[in-house]
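Report on the following structure.
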Amino acid sequence: MAVTGAVMLLYLLVHMLGNLKIFYGRESFDEYAHWLRSIGVPALHGAWFLWLMRAVLTVAVVLHATSAYQLSRRDLKARPQKYSHRQRLEASYAVNTMRYGGIIIALFIIYHLLDFTALTLNRNGVEGAAYDNVVSSFSVWWVTLFYIIAMLALGLHIHHGFWSAARTLGVHSAAREKNLKIGATVLAVLIAAGFMVVPIAVLAGLVD
Amino acid sequence: MPETTSLGSGGSAYWTVGDDIADTAAPDGPIETRWDRRKFSAKLVNPANRRKHTVIVVGTGLAGGAAGATLAEQGYNVIQFCFQDSPRRAHSIAAQGGINAAKNYRNDGDSVYRLFYDTVKGGDFRARESNVYRLAQISTQIIDQCVAQGVPFAREYSGLLDTRSFGGVQVQRTFYARGQTGQQLLIGAYQALSRQIDAGAVEMHPRTEMLDLIVIDGRARGIVARDLVTGKITPYLADAVVLATGGYGNVFFLSTNAKGSNTTATWRAHRRGALFANPCYTQIHPTCIPRSGEYQGKLTLMSESLRNDGRIWVPKQKGDTRSPDQIPEAERDYYLERIYPAFGNLVPRDIASRAAKYQCDDGRGVGPGGLGVYLDFADAIKRMGEDKVREKYGNLFEMYERITGEDPYKVPMRIYPAVHYTMGGLWVDYDLQSSIPGLFVVGEANFSDHGANRLGASALMQGLADGYFVLPPMLGNYIASTKLGSVSLDDPAVTSVIGEVTGRLGRLLEINGDRTPDSFHRELGELIWDECGMGRTEAGLRKALARIPELREEFWRRVKVPGDSGELNQSLEKANRIADFLEFGELLCIDALHRAESCGGHFREESQTPDGEALRDDEHFAYAAAWEYTGGAPVLHREPLQFDYVHLAQRNYS
Amino acid sequence: MNLTLRIWRQRGPEDRGAMVTYELADVSPDMSFLEMLDVLNERLILEGEDPVAFDHDCREGICGMCGMVINGQAHGPRDRTTTCQLHMREFADGDVIDVEPWRAAAFPVMRDLVVDRSGFDRIIGSGGYISVVTGSAPEAHSTPVPKPIADAAFDNATCIGCGACVAACPNGSAMLFTSAKVTHLNLLPQGAPERESRVRDMVAQMDEEGFGGCTNTGECTVACPKGIPLTSIGNLNREYLRALTKR
């Protein structure tokens, strides 16, 4: 879980930064989208890099989800009977929403791919016109709302996931405890906010 | 009233006097080489043959855990028992202070000889010199063993082991692990034992309680035990039986012992023929948290180190109910500083305990029931500052606050003495073998090393010395030098013991009376505390001896034990243990009555110096009193003690 | 004070069990929680009912035998306190108090509040020791141990094996317990020769016992009466990964 999570986290960071290019205007953003499809050329052919990345991400998502499923099953089996007096939940909201948050994010990814990659659900749906595609989607209030909810879930997920992964990978220690906690918060806020800026800007008419 | 002859020399209606006995296992000659010579003269069991021999070990504290692990490692088949749910819970775990060893790491003049000397003197000259010398010799090996096991003793910045002084000795020979030394040593032994359990060398039976001993042809050959979960009664047979079942402090009901600690194993062995020695030697610790009410089930000890900086006082006026801060300095009696100006608040445990009792008996006690004295840190806080006090005693203050709800930084602590260790136990020879061949007794369960009083940080030392180092070679000697016939579960001796055990449990369940088991335990405890506690008198002991049989009779008529024997039944467990305390309590008082002298933990008010100090009577009582069970008046067998190295002298602390 | 107790009663491992309500009057705030149960049990015996079975022994917070979930919290509301050291002054007159056993598949209920924690013993037996033949130990001072290492080892060695961590963990995981022992022994130079096998075997045993996985919720360390920190779990993971690479 920790390793696949880390891979995805790295991807999200780059993805989020890339999204911000939208504020440089249509041309710049479309150019960027095009570039994504030709990274590594001429050493690599066409969109090879993109496909390679997609493959890695797919594997990461599948493994992440599989381990989540296995872990959940094991954990539910290890505690078959609940307390009749609800337990004190010392754990933060982020911890308690890992499972549901994960499901929300998974559903979102499917929608997101259909919207911007396959363009099946996109109202504009023009291949190569990334900027217009984005604007068309986020001009609809409920798409933006769904997007924002998913990003909040993502932030929470990262908040616990990052620091949990640090512990699983054994990089966590008493001395690093504070820094890791700060790191987890900063990453969570940065990524969630970074992603949310775009749809909000679209809805607010700052990007059109 | 039965007629008595002069106490100590003759008998009385309460006991008769039998032949003197001697410890024939101990070699004579120079004391320094006795243990080596004993080990050399001991017969050995070929390593390949050891697995053919089965040894039963009852108890998993320091002595039992260490013994089980070591015997299994040497190749014996070990079957081990504890009544708790895990061997890690034995009450050795609660020892706070530390463990003594004559390492002389401080270069402060310590030596094996000095530890030996301190222990004999501290025991008020009622221990065997041979045993004590061996204990001091082995002490250094124990530290090596425990460090290698990963016991995290306190260390200096150099990375070397730290030591401190403890219990009124002038050298720093006590090794410690914060205030949890017993826990750390026990976990070490438990881990070693767990390794052997995992390897299949020890067959461990947790939640299983020994209820009787099986003796066949005069030799201990097994035990009958009850599975506390299913209630099943099962006999276990072996070539030898080791009892490591701790002391009998819970005869007082309120003590610092664990709630489950009991005397059933040792008492049952006594009834089967093992002599019980010196039961009247009980140690009372001065700095315990007083009881707060009738419901109280247990007392908690706080480290004696508190007396280093705290001042003990009571109001001068009787029945003064003002809160301590309302009592002006002039109306306080710092009685220890007044009576013992040289040692002040640091007088030995027994003296401090008794002095507190006298103040309370006199009506100057404080807190609920007037059973407490103040231990005041106000001066220490003024002198050192609250931070320094916190640094030194923070843990203890926190524990006190947790239990009493009072903040000792603001309100003086209240303390009262409580029973916490028993020096007496089953009689054993130098080989730790009881008077029943094949029955060995280790740790607090035996009587061997502390005489009439145990020094601080010596209990852990003795438990581990017995378990790791003394028992294994001596047990091997017994097995190698004894021709043991085979025994079967159909043996009439086995079936009759099972019958007795089952019958007794059945009777307990059938009575269906109107009093709870605990109510009897509480009443017995109060009686023994009053008449055979800190100060004992002939009249008081006779009163107790008249009352105990009545109470026992009432118990067997009125106790109510719900449930049945084929299930987890904690009331039944309790009742069965209390039944034995009701018999044992009588022997305790008889021993205290017969020993018409004061020594160590046994204070007879008739025998004191003009200053109120314990006055020994070496001419008549320089012996260990080993009692034989008869069903009626017990028979006293005296084992005279000889002091060739440490000269008899009276203690003096004023 | 007067209290309403709702206590889990279950006659044996096969029984279903249920919460049963008892009213208890005149409870003194100076009683410990277990003394309060003693008082209830004395009454139940005289009324001809079976008393509530619960594990306890030293009653000074060190043996690790007692433990119950009180109002949803392992060992009750006070931090760093075992049930035997919890006093009734933490509660108020008229309170309703729910008392339940440790709940985890690896800790089956035997009766009422008594559970079987023998899985912990088997985890220790699988590797939670340093193999040293009695009498073969070198001089204690032959290997100095830096004080910070010795102190950290001690902090982890204070675990009393009560099982509160498992009871509090929503996943019934024994990671905190196992990590405390691994950390204690693996930190010390004496523990180094068996460092890898120890952590591998203990983790394998932990899994075999049916404890859940760790999702780093942090519930365990809050419930722990000895304050074993979460960093011990990080250390266990580090030791485990290290052992895997050294296989």
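Whenever you get a sec, line up B:TYR105, B:TYR176 from highest to lowest accessible area (probe 1.4 Å, protein heavy atoms).
Descending accessible area places them as B:TYR105, B:TYR176.
Would you work out the relative contact order for the stretch A:1-142, in percent, from Cα pairs under 8 angstrom that are 6 or more residues apart?
RCO, the stretch A:1-142: 23 percent.
Note the buried accessible area between B and C here, summed over both chains, with a 1.4 Å probe, in Å² to the nearest 100.
In total, this chain pair buries about 6300 Å².
When the convex hull of the Cα atoms of chain A is projected onto a plane and the area is averaged over all directions, what value comes out in nm²?
Value for chain A: 14.3 nm².
In nanometres, what is the gap between the two model label sites at A:GLU127 and A:VAL140, each 7 Å from Cα along Cα-to-Cβ?
2.2 nm
B:LYS103: which lysines have alpha carbons under 25 Å from its alpha carbon, excluding same-chain residues fewer than 8 sequence positions away?
List returned: B:LYS39, B:LYS121, C:LYS147.
Hey, got the Cα dimensions of chain B along the principal axes, in Å, largest first?
Largest to smallest, the principal-axis extents are 75, 63, 49 Å.
Of the heavy-atom accessible surface of the stretch B:492-624 (probe 1.4 angstrom), what whole percent is carbon and sulfur?
The nonpolar share, carbon plus sulfur, comes to 50 percent.
Rank these residues by their accessible area, most exposed first, probe 1.4 Å: A:TRP142, C:TRP102, B:TRP529.
Largest to smallest exposure gives the sequence A:TRP142, B:TRP529, C:TRP102.
Using a 1.4 Å probe, what is the accessible area per residue for chain A, in Å²?
Dividing the accessible area of chain A by its residue count gives 58 Å².
Taking θ = phi - 60°, what integer Hz values does the Karplus form 6.51 cos²θ - 1.76 cosθ + 1.60 yield along the stretch B:204-215, in sequence order, with x for Gly and Pro?
Once rounded to whole Hz, the list reads 8, 10, x, 6, 9, 10, 5, 10, 6, 10, 9, 10.
With a 10 Å radius around each residue's Cβ, average the other Cβ atoms per peptide and rank B:311-317, C:1-7, B:321-327, highest first.
B:311-317, C:1-7, B:321-327
Tell me, what is the per residue accessible area of the stretch C:89-247 in Å², probe radius 1.4 Å?
That works out to 30 Å² for each residue.
B:GLN283's amide H: which non-local residues (gap 5+, or another chain) put their own amide H closer than 5 Å, with H modeled 1.01 Å from N in plane and none for Pro or chain starts?
Close amide H contacts, sequence-distant or interchain: B:HIS420, B:TYR421, B:THR422, B:MET423.
How high is the relative contact order of chain B, in percent, with contacts defined as C-alpha pairs under 8 Å that are six or more residues apart?
In percent, rounded to a whole number, it is 21.
Quick one: which residues, 5 or more positions from B:ASP376 or on another chain, have an amide H under 5 Å from its amide H? H modelled 1.01 Å from N in the peptide plane, none for Pro or chain starts.
Correct list: B:ARG311, B:ILE312, B:TRP313.
Roughly how many Å² is the accessible area per residue of chain B, as a whole number, for a 1.4 Å probe?
I get 33 Å² per residue for this part.
For the cross-link pairs B:LYS298/B:LYS318; B:LYS298/B:LYS574; B:LYS52/B:LYS483, which exceed 19 Å when the distance is taken from alpha carbon to alpha carbon?
B:LYS298/B:LYS318
If you restrict to DSSP beta bridges whose two residues both lie in the protein assembly as shown, what percentage is antiparallel, to the nearest 5?
70 percent
In degrees from 0 to 90, rounded to the nearest 10, what is the angle of the helix C:231-245 Cα long axis to the longest principal axis of chain C?
40 degrees
If you add up the charges near B:ALA90, with Lys and Arg at +1 and Asp and Glu at -1, over every other residue whose beta carbon is less than 11 angstrom from its beta carbon, what do you get?
Local net charge: 0.
Am I reading the C/A interface right? What is its buried accessible area, both sides, 1.4 Å probe, to the nearest 100 Å²?
Chains C and A together bury approximately 2800 Å².
Quick one: Cα centre-to-centre distance for the stretch B:25-92 and the stretch C:231-245, in angstrom?
37 Å
GNM, chain C, Cα, under 10 Å: largest mean-square fluctuation among C:GLN190, C:GLN73, C:GLN85?
C:GLN190
Compare each residue of the stretch A:142-173 in its chain alone against the assembly with all protein chains, and report those whose accessible area goes down by 50 Å² or more; 1.4 Å probe, heavy atoms.
Going by heavy-atom accessible area, the residues of the stretch A:142-173 that drop by at least 50 Å² are A:ARG167, A:GLY170.
Please average, across the residues of C:120-126, the number of beta carbons from any other chain that are within 10 Å of each residue's own beta carbon, and give a whole number.
6
Which residues of the stretch B:553-568 show a drop of at least 30 Å² in accessible area when all protein chains are present, compared with their chain alone (probe radius 1.4 Å, heavy atoms only, ligands and nucleic acids excluded)?
The answer is B:LYS560, B:PRO562, B:GLU567, B:LEU568 - residues whose exposure falls by at least 30 Å² when every protein chain is included.
Near the amide H of C:ARG111, under 5 Å away, which other amide H atoms are found, from residues 5 or more places off or on another chain, if H is placed in the peptide plane?
none
Using a 10 Å cut-off on Cβ to Cβ distances, tally the other chain neighbours for every residue of C:184-193 and report the average as a whole number.
Across the residues of C:184-193, the mean count of other-chain Cβ atoms within 10 Å is 3.
Leaving ligands, DNA and RNA out of it, report the carbon-plus-sulfur percent of the accessible area of the stretch C:3-111 at a 1.4 Å probe.
Solvent-exposed carbon and sulfur of the stretch C:3-111 make up 46 percent of the total.
Would you please classify the overall shape of the stretch C:1-86 from the alpha carbon gyration tensor, given that a ≥ b ≥ c denote the square roots of the eigenvalues, rounded means a/c under 1.5, and beyond that prolate means a/b larger than b/c while oblate covers the rest?
It is oblate, given that a/c is not under 1.5 and a/b is not larger than b/c.
Heads up, I need the accessible area for B:ASP309: 1.4 angstrom probe, whole protein in place, Å², nearest 10.
Counting only protein heavy atoms, B:ASP309 exposes about 20 Å² to solvent.
C:GLY161: net charge of surrounding residues, Cβ under 11 Å, Lys/Arg +1, Asp/Glu -1, itself excluded?
For residues surrounding C:GLY161, the net value is +3.
At a 1.4 Å probe radius, which order do B:ARG547, C:ARG111, B:ARG332 fall into by accessible area, largest first?
From most exposed to least exposed: B:ARG547, B:ARG332, C:ARG111.
Between the helical axis of A:141-168 and the dominant principal axis of chain A, each derived from Cα atoms, what acute angle in degrees is found, rounded to the nearest 10?
So the helix axis and the longest Cα principal axis differ by about 50 degrees.
Leaving out same-chain residues fewer than 8 places away, which lysines sit with a Cα under 17 Å from that of B:LYS388?
Straight-distance partners of B:LYS388: B:LYS410.
With all protein chains present, how much of the accessible area of the stretch C:117-245 (probe radius 1.4 Å) comes from carbon and sulfur, to the nearest whole percent?
After summing per-atom areas, the C and S share lands at 56 percent.
Taking 7 Å along the Cα-to-C-beta vector as the label spot, tell me the A:LEU20-A:LYS181 distance in nanometres, rounded to one decimal.
2.7 nm
Do any residues of the stretch B:82-96 lose at least 40 Å² of accessible area when the full set of protein chains is present rather than just their chain alone, and if so which, with a 1.4 Å probe?
With the partner chains in place, the stretch B:82-96 has these residues losing at least 40 Å²: B:ASP85, B:ARG88, B:ARG89, B:ILE93.
State the answer as a single residue: which of B:ALA626, B:LEU615, B:ASN576 lies farthest towards the positive end of the charge dipole of the stretch B:553-654, with beta carbon charges of +1 for Lys and Arg and -1 for Asp and Glu, about the Cα centre.
Comparing the listed Cα positions along the dipole, B:ASN576 ranks first.
Can you give the relative contact order of the stretch A:102-206 as a percent, counting alpha carbon pairs under 8 Å and 6+ residues apart?
Value for the stretch A:102-206: 29 percent.
Using alpha carbons only, how many degrees (0 to 90, rounded to 10) separate the axis of helix C:118-127 from the longest principal axis of chain C?
Helix C:118-127 and the main axis of chain C meet at about 10 degrees.
The values are calculated or read from the model by the stated rules, or taken from the named source; none is laboratory data. If you're wondering where the values come from, they're calculated on a predicted model, not measured in any experiment. Cβ coordinates were reconstructed from backbone atoms using ideal geometry, including for glycine residues, and neighbour counts include every protein chain displayed. These accessible areas exclude ligands, DNA and RNA; they are computed on the full protein's heavy atoms, side chains included. Shrake-Rupley method; radii C 1.70, N 1.55, O 1.52, S 1.80 Å.
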